[in-house]
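A short write-up of the structure that comes next.
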2 protein chains.
Amino acid sequence: MKNKQLILVKRPKGLPEPDTWEYKTEAVVPLQEGQMLVEQQFVSLDPAMRGWMNETRSYIPPIKIGEVMRAGTVGKVVETKGTTRYNKDDYLVGWGGVQQYVITNGGGYQKVAPELADLTTYLGVLGLTGLTAYFGILEVAALKKGEVVLVSGAAGAVGSVVGQIAKIKGCKVIGIAGGKNKCDYLKNELGFDAAIDYKNESIRKELKRNCPEGIDVYFDNVGGETLDHALANLRINARIVICGAISQYNSQQVVGPKNYLSLLVNRASMKGMVVFDYESQYDQARIQMSKWMKEGKLKTKEDVYDGIDNFYEVFLKLFSGDKLGKLVLKINK
Amino acid sequence: MKNKQLILVKRPKGLPEPDTWEYKTEAVVPLQEGQMLVEQQFVSLDPAMRGWMNETRSYIPPIKIGEVMRAGTVGKVVETKGTTRYNKDDYLVGWGGVQQYVITNGGGYQKVAPELADLTTYLGVLGLTGLTAYFGILEVAALKKGEVVLVSGAAGAVGSVVGQIAKIKGCKVIGIAGGKNKCDYLKNELGFDAAIDYKNESIRKELKRNCPEGIDVYFDNVGGETLDHALANLRINARIVICGAISQYNSQQVVGPKNYLSLLVNRASMKGMVVFDYESQYDQARIQMSKWMKEGKLKTKEDVYDGIDNFYEVFLKLFSGDKLGKLVLKINK
């Protein structure tokens, strides 16, 4: 049995080139006592992966050169040896990385129920992106009913859930996304009050038109100019959640928000978050979000591509904006 | 009786030129029923004055062209007519502006006790700068014992009080100031644990040397590069208080903090403040700070210059860094 792996072979500068990774195929070694062989089915593609490739220490250590590319995965236990934490045919989510098979004692993996939700959902709305949205908007922003919420990357895996939760909580929600398709999706399918197409519209003018009263909460997935537009339109006591900055991840020189003194004038705050800090509350969040999904209040969309060999092409879609919802790569049938 | 006034005659770009203001002298008109004539003695000079001169609305409206230059003042009631809120010979603090006399019904003025503290103290540590320091470090930063505190503009009216309160609360305190004199003052007179002379030392290197463990609270009075150095050295759950940005007030293009993503990695926050929000708690803060002053734990320094005609020259000291402590202009004897 062969395991095809994607190995990080050099640290990229800017947008990664194809030679950032190499494929390696090796035989799957026999299991030891207590180990399980997981056949990985889906790999999660997330903007955060770009940060993990840098040498600088972030909230988790960098991926080492020569290591399998780190990624969230969902897969099935196909073989066990001795007493193991999970059983044959269990489905597990964890940090399996971009490879077809993983041998593990189960540490860091959680069992999921394929009969309750599609497997890809456990990488999306019930996975780290959905949980990031949930804790970001409810805990970090401490959202209150009736507030005006702006979210960027609004059609993405995190942003789309942020906006829908804000609607569930009785807020006015404006999304920023690239292209008419995405904006139509936000308004017509997800119930956003307004959507701004940053590729074809002026964010400044559309903010003035759609929320002349200003913004109470800005959930930032993109950074750059968009963050400055949000800062220029804050209400008193506004909160900005810094969840990501996809416009900056491939820049060698990050652009800082020149309007940051709006925080002073408006007694506003800008706060960073990392979802791992909420691990003890994941289960209750998943229960709540599953309930909303059943009630039809929380819709999800996964953009699933096929084949480990297509990793690079699909990875680029994270930064080109050429996707809708959660980006997933199918690794095994 | 003549009243000499300083009038704002044009909106400056960058550092104000002398022709930004004009002097005007007019006769003091007779009092009406309920009015008092206040002979102003001291005018407070604060970096915030630069912001009020811009046309854009901030946390208070801009000073209008043709109006007396707005400033905090302390003065003495020299004449009253009928039933008045305060009595002859009372000392009042308020927003008298840069002029020798003010006629008022007392709205917005508070009575102070010259026998308890020097009059200039009511513009400094017991005035808005001291109160800004008090609420900024204790309420906005929610300082905890044993934390590492960095403060910029540390020898200034706000920064020097921030650092001393942090010492009183059992913290490690590092100040950033310009020049050896100021740094010696911070270490030897105010009890700071360390002081970084940004004019002659590398902030980056000195931060690594003096607080290799990182920063829990950064109290920012200056913005610019210094804010970026602080961001690069945050600990988990750090708080940045945005109180001012004196390095940027005369820039036509504010430089944003390019290291702001450190907020994300460190789950840190950056929060703006305006002291006026704490008005209901001013009295209790003044009582606490007077107590610390009596105990010798809170020292103050005012840099007092003489003569309304010298306003421009003294105003420039706000931005040249050529001062120690609170900057005050004596207007009448």
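Right, B:ILE242: within 14 Å of chain A (Cβ to nearest Cβ), of a type in the set (A, V, I, L, M, F, W, C), surrounded by fewer than 20 Cβ atoms within 10 Å (Cβ to Cβ) and free of Cβ contacts under 8 Å to residues at least 40 places away in the same chain or not? Spell out how you get there, then give the answer.
Working: within 14 Å of chain A (Cβ to nearest Cβ): yes; of a type in the set (A, V, I, L, M, F, W, C): yes; surrounded by fewer than 20 Cβ atoms within 10 Å (Cβ to Cβ): no; free of Cβ contacts under 8 Å to residues at least 40 places away in the same chain: yes.
No, not satisfied.
Which of the residues that make up the range A:247-293 are among the charged types (D, E, K, R) and surrounded by fewer than 18 Cβ atoms within 10 Å (Cβ to Cβ)?
Of the range A:247-293, the ones among the charged types (D, E, K, R) are A:258, A:267, A:271, A:277, A:279, A:283, A:286, A:291.
Correct list: A:ASP277, A:GLU279, A:ASP283, A:LYS291.
Within the range B:283-296, the residues that satisfy the criterion of being touching a residue at least 40 places away in the same chain (Cβ under 8 Å) and either within 14 Å of chain A (Cβ to nearest Cβ) or not small (Gly, Ala, Ser) (or both) are B:ARG286, B:GLN288, B:MET289, B:TRP292, B:MET293.
Give me the residue from the range B:178-205 that is in contact with a Ser or Thr (Cβ under 8 Å, 6 or more places away or on another chain) and under 20 Å from B:GLU225 (Cα atoms) and, out of that set, surrounded by the fewest Cβ atoms within 10 Å (Cβ to Cβ).
Within the range B:178-205, the subset in contact with a Ser or Thr (Cβ under 8 Å, 6 or more places away or on another chain) is B:186, B:190, B:198, B:203.
Restricting the remaining residues to those that are under 20 Å from B:GLU225 (Cα atoms) gives B:198, B:203.
Details: B:TYR198: 22, B:ILE203: 20.
Step by step, filter the range B:178-205, then rank; the result is B:ILE203.
Condition check ((1) part of a loop (DSSP other than H, G, I, E, B); (2) over 27 Å from B:GLY156 (Cα atoms); (3) within 14 Å of chain A (Cβ to nearest Cβ)) across all residues:
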site: B:MET49; (1), (2), (3): no, no, no
site: B:THR56; (1), (2), (3): yes, no, yes
site: B:ILE60; (1), (2), (3): yes, no, yes
site: B:VAL74; (1), (2), (3): no, no, no
site: B:VAL78; (1), (2), (3): no, yes, no
site: B:GLY82; (1), (2), (3): yes, yes, no
site: B:ARG85; (1), (2), (3): yes, yes, no
site: B:ASP89; (1), (2), (3): yes, yes, no
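The requirement of being at pLDDT 95 or above, touching a Ser or Thr at 6+ places or on another chain (Cβ under 9 Å) and assigned by TED's automatic domain parsing to the domain that holds B:LYS145 is satisfied by B:ARG239. When the residues of the range A:144-159 are filtered to those that are surrounded by 24 or more Cβ atoms within 10 Å (Cβ to Cβ) and in contact with a strand residue (DSSP E or B) (Cβ under 6 Å, 6 or more places away or on another chain), the one that is farthest from A:GLY244 (Cα to Cα) is A:VAL149. The single condition from (1) under 22 Å from the mean Cα position of the chain (by Cα); (2) more than 30 Å from B:LYS13 (Cβ to Cβ); (3) away from chain A (no Cβ under 13 Å); (4) not in a loop (DSSP other than H, G, I, E, B) that B:LYS299 fails is (4). Return the residues of the range A:249-282 that are in a loop (DSSP other than H, G, I, E, B), more than 7 Å from every other protein chain (Cβ to nearest Cβ) and among the small types (Gly, Ala, Ser); say none if nothing qualifies. Listed by number, the list holds a single entry, A:SER251.
Going by the conditions given, is B:THR56 at pLDDT below 95 and either in contact with an Asp or Glu (Cβ under 9 Å, 6 or more places away or on another chain) or exposed (fewer than 14 other Cβ atoms within 10 Å of the Cβ) (or both)? Yes, satisfied.
The values are calculated or read from the model by the stated rules, or taken from the named source; none is laboratory data. Note that the coordinates shown come from a computational prediction; the quantities given were computed from them, not determined experimentally. So basically every Cβ, Gly included, is an ideal-geometry build from the backbone, and we count neighbours across all protein chains shown.
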